[in-house]
1. So how strong a dipole does the chain carry about its Cα centre when Lys and Arg Cβ are +1 and Asp and Glu Cβ are -1, to the nearest 20 debye?
2. When the chain is fully extended, how far beyond the present Cα-Cα distance does L133 get from A232, taking 0.36 nm per residue of separation?
3. If you average the alpha carbon positions of segment 3-69 and of segment 246-263, how far apart do those two centres end up, in angstrom?
4. Among rounded, prolate and oblate, which fits the chain when a ≥ b ≥ c are the square roots of the eigenvalues of its C-alpha gyration tensor, a/c under 1.5 means rounded, and a/b larger than b/c means prolate?
5. Scan around I301 for amide H atoms under 5 Å from its own, H built in the peptide plane at 1.01 Å from N, and keep only partners 5 or more places away or cross-chain.
6. Straight-line reach from K241: which lysines fall under 19 Å, measuring Cα to Cα and dropping same-chain residues less than 8 apart?
7. Answer with one residue from F39, L214, L23: the one whose Cα lies farthest towards the positive end of the charge dipole of the chain, charges on Cβ with Lys, Arg +1 and Asp, Glu -1.
8. Report the accessible area of T97, computed with a 1.4 Å probe over the heavy atoms of all protein chains in place, in Å² rounded to the nearest 10.
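The values are calculated or read from the model by the stated rules, or taken from the named source; none is laboratory data. The model shown is predicted, which means the values in this text are computed figures rather than measured ones. Cβ placement follows ideal geometry from the backbone for every residue including glycine, while neighbour counts extend to all protein chains displayed. Just so you know, the surface numbers come from the protein's heavy atoms only, side chains and all, with ligands and any DNA or RNA stripped out. Shrake-Rupley method; radii C 1.70, N 1.55, O 1.52, S 1.80 Å.
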Amino acid sequence: MEGNKPYLAVILVQSIYAAMFLLSKAAFDHGMNNFIFVFYRQAFATIFLLPFSFFFEWKTAPPLSFITFCKIFFISFIGITASLDIYGIALIYTSATLAAATTNSLPVITFFLALLLRIESLKVKTAAGVAKLVGVVACLAGVATLAFYKGPHFELLSHSHILGNHKRQQNLGRVQSGSWIKGCFLLLLSNTCWGIWLVLQTFVVKSYPSKLLLTNLQCFLSSIQSFVVALAVERDIEQWKLGWNVRLLAVVYCGIVVTGFTYYLQTWVIHKKGPVFLAMSTPLALIMTIFSSAILLGEIISLGSLLGGGALVFGLYCVLWGKSREQRPKASLDLEQPSVN
């Protein structure tokens, strides 16, 4: 049973992310302003993480210099505030399924950005390098398919929707093709901002290695940034009120469960099995979201979404395989070579 815990953990992590896509979409469908949603989400995350940060890392944390603070402020804006605000707009235009599908492009986007910053290398004369290149191309093809091709629609269990507005989903799926394309590229832009955040964090962690405090500080700064953005966009006090409905549920869930609990769970999985093992479980969220969104939101799944999502998953595994191939110890590679004796 002990050996199965990492597998159960990644299933739980991807289930949490699938529920995040669904609840966020449901909250927006019920009229919640996406900018206000991001503010409340980050505020709840800040409050939730604060006692843990002080209890576990406050005494051992290094001093925070002004330059490091400015760096943290910048990556918080790019990777959290801007990424989540753009993601919210995109989700209004598209669907929970598409949001889950494009998440599979994140490792590919991150690798491409790391390549531009010369953190990663691409050796096209090796099998690993070819796999990475194929992964990037497959990712681009998947995004293009999601944006420009829909094909036949599959209305699986759409009559039994619980959280969504089925009629609205039909309009989004069949009429507003321009909005759908816009939403696809906004999701790609959101993931790009997230990828930039992942890459730049490698530099910030070196100067401020207290990861829990760093996460809490980023959530706090992002809540301030997102509050300013939301206040500039929405002045109606009624939009800021949270009732006992799906809007409050989505905010509390994303702020506490996704940002708080999932952070710890992912850290534990990476410690046990490594980052590649965690990244390879990403497509599970897409599979769960496809079926759950059809049941709960009444979403109409198109052939283009399935093909594009499949291309993104294929690209993900190509990049991960190439990366894991390059990271194999030299000794193990030497064992594969035939002996000359």
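1. 480
2. Contour length minus Cα-Cα distance gives 31.4 nm.
3. Distance between centres, Cα-based: 7 Å.
4. Oblate, since a/c reaches 1.5 and b/c is not below a/b.
5. Amide H neighbours of I301, under 5 Å, 5+ apart: F154, L156.
6. Excluding near neighbours in sequence, the set is K25.
7. Most positive-ward Cα: L214.
8. The value for T97 is about 10 Å².
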